[in-house]
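Scroll down for the structure; my scribbles are underneath it.
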Amino acid sequence: MERSYWERIAPSYNEEIFDVLQNDKSGKIITAIEQVASKEKTVTDLGCAIGKWIPLLATAFKQVVATDISAKNLEIAAERCKNYTNVEYHRMDMSADNLTVIPCDVAVCINAILTDNLKKRINFFQSLNICLHDGGYLILVVPSLESKLYTNIIAHRWNVDDDHKEKIKSVEKAYALAKNIKQGVTDIDNVPTKHYLEEELQLLLTLEGFEVERIEKINYNWKTEFNNPPKWLAEPFPWDWMVVARKEKSQK
Ligand SMILES: C[S@@+](CC[C@H](N)C(=O)[O-])C[C@H]1O[C@@H](n2cnc3c(N)ncnc32)[C@H](O)[C@@H]1O
């Protein structure tokens, strides 16, 4: 998932990309944001795309720093949110080796650390830390590997949607799929996408200087996974992980 991928998707973003805000019917992410929000505080939206979360953030915080790797996404976000005057837009690659950021009191990062490239993920996680003031809150949402495997197991066992209609077209693809899954990378719409274990998130964030306050499931409807979910298929519903973590104070 290079910058070019996100630039290409930008014009059709709404049709192509899963909408977390619309699908989180529990409102848990909004609640988590509201719990740490204040008109005295600044917030950064890391990987803001076309700005779906900006109206909420601009209303709840003093200032919003909206960032994304894609210039086109930022253009669309700025146009959509032009009525919010307390938002600034910055093109920024959170996976870059050297990054200059505007540290904020709160950082929101919703389904943006998806790359299958390990080095880029390592850099992205390191960058989360410098985007925050000491004691600042991070609200991070990422795809769940447990949920993805659970979905695959159900699809295969009960042949749902013809077992997800998965066709592995070549030996090379089969090899890549097998190699990727060991690292939690599995395709979404044929795009290799990083999925995370709960324990992995705890470890990654602790090692980057965060204290994890809670990790919760953000549940979605089964229709987000299957065209025809079996009628008997109920809880547990598919989910992303939401982490609420606090940047530890640096030792001086
Ligand atoms: C699935 S979209 C999520 C958008 C938004 N957070 C939401 O929930 O509606 C992922 C976004 O992350 C951005 N992104 C991916 N890698 C990035 C990086 N290294 N630095 C900054 N933004 C990145 C993409 O351009 C894309 O807009």
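Just so you know, all these numbers are worked out from the coordinates, no wet-lab data involved. Computed from a predicted model, the values in this text were never measured in an experiment. Virtual Cβ from ideal backbone geometry, glycine too; neighbours counted across all protein chains shown.
The phi torsions of the range 57-63, fed into the Karplus equation with coefficients 6.51, -1.76 and 1.60 and a -60° offset, translate into couplings of 5, 5, 7, 8, 10, 5, 9 Hz, rounded to whole numbers, with Gly and Pro shown as x. Which entries in the list K25/K52; K82/K247; K25/K247; K28/K231; K169/K231; K148/K194 go over 22 Å, if you measure between the two C-alpha atoms of each? Among K25/K52; K82/K247; K25/K247; K28/K231; K169/K231; K148/K194, the Cα-Cα distance tops 22 Å for K82/K247; K25/K247; K28/K231; K169/K231.
Quantify how much of the Cα-Cα distance distribution of the range 77-122 extends past 11 Å, in percent. In whole percent, the long-distance tail amounts to 78. For the range 218-252 and the range 149-209, what is the centre-to-centre distance using only Cα atoms, to the nearest Å? Spelled out, the Cα-based centre of one part sits 15 Å from the other. Summarising the amide proton neighbourhood of C104: residues at separation of 5 or more, or on other chains, whose placed amide H is nearer than 5 Å comprise L132, H133. Under the classification rounded if a/c is under 1.5, otherwise prolate if a/b is larger than b/c and oblate if not, where does the range 1-124 fall, given a ≥ b ≥ c as square roots of the Cα gyration tensor eigenvalues? Rounded, because the longest to shortest axis ratio a/c is under 1.5. Highest mobility in the GNM of the chain, judged by mean-square fluctuation with C-alpha springs under 10 Å and restricted to V87, V171, V160, is found for V171. Amide H to amide H distances under 5 Å link S144 with Y196, W241, where only residues 5 or more positions off or on other chains count and H is placed in the peptide plane.
Summing +1 for each Lys or Arg and -1 for each Asp or Glu among the other residues whose beta-carbon sits under 12 angstrom from that of D105 gives +3.
Across q = 0.08, 0.14, 0.15, 0.16 Å⁻¹, the range 3-247 modelled as identical point scatterers on its alpha-carbon atoms has Debye log10 I(q)/I(0) values of -0.31, -0.96, -1.10, -1.25, in the order of the q list. Under the criterion of Cα pairs below 8 Å and six or more residues apart, the relative contact order for the range 3-247 equals 19 percent. Quick one: net charge around K28, please, counting Lys, Arg +1 and Asp, Glu -1 for every other residue with C-beta under 12 Å from its C-beta. Combined, the nearby Lys, Arg, Asp and Glu give -1.
Each residue of the range 121-132 was assigned a 3J(HN,Hα) from its phi angle through the Karplus curve 6.51 cos²θ - 1.76 cosθ + 1.60 (θ = phi - 60°); the sequence is 5, 4, 4, 4, 5, 5, 5, 3, 4, 6, 7, 10 Hz, with glycine and proline shown as x. For V43, neighbours were defined as the other residues whose beta-carbon sits under 10 Å from its Cβ, and their charges (Lys and Arg +1, Asp and Glu -1) total 0.
Per-residue 3J(HN,Hα) values for the range 108-118, derived from phi via the Karplus relation 6.51 cos²θ - 1.76 cosθ + 1.60 with θ = phi - 60°, read 10, 9, 10, 6, 10, 8, 10, 4, 7, 8, 4 Hz in sequence order (x marks Gly and Pro). Scanning residues 5 or more positions from C48 or on other chains, those with amide H under 5 Å from its amide H are T67, D68, with H placed 1.01 Å from N in the peptide plane. Here the contact order of the range 93-236, divided by its residue count and restricted to Cα pairs under 8 Å and six or more residues apart, works out to 24 percent.
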